[in-house]
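Remarks on the structure that follows.
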Amino acid sequence: AASNVAVACQVPAGVATLSARGPTQPRGENGVLAFPPVAELEPGKTALYRVVVKGTEPGKHRFRVRLTSDSIDEPLIHEELTHHYAD
């Protein structure tokens, strides 16, 4: 089992968070949307995190997600580059 599994999303300027849900209630502050840790995640089980964002300013924006757990030495990081266009 993985213990203290936490997810944090870095929401760049020019992108607004429309909704966020997961196994724990997220908190947003200073461009970071953080989900408090899940105490234990059993092998073969899934924890689903869903964050819906909308571009508010044209340009290229990087959305970064960081997963940490007591079970891993280094955080897992995934980054998505999106180009938003003006209407």
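Overview of results
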item: Segment VAL52-GLN25, length gained on full extension (0.36 nm per residue, minus Cα span); result: 8.3 nm
item: Over the chain, equivalent-ellipsoid semi-axes from the Cα gyration tensor in Å; result: 27, 13, 10
item: Percent accessible area from carbon and sulfur atoms, the chain, protein chains only, probe 1.4 Å; result: 49 percent
item: The chain - charge dipole about Cα centre, Lys and Arg +1 at Cβ, Asp and Glu -1, debye rounded to 20; result: 280 debye
item: Label-point separation in nm, THR68 to ALA8, each point 7 Å along Cα→Cβ; result: 0.5 nm
item: Accessible area (Å², per residue) of the chain, counting only protein heavy atoms and a probe of 1.4 Å; result: 72 Å²
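The values are calculated or read from the model by the stated rules, or taken from the named source; none is laboratory data. All of these numbers come straight from a predicted model, not from anything done at the bench. No Cβ is skipped: glycine too gets one built from the backbone with ideal geometry, and neighbour counts run over all protein chains shown. These area figures cover heavy atoms from the full protein model, side chains too; ligands, DNA and RNA do not enter into them. Shrake-Rupley method; radii C 1.70, N 1.55, O 1.52, S 1.80 Å.
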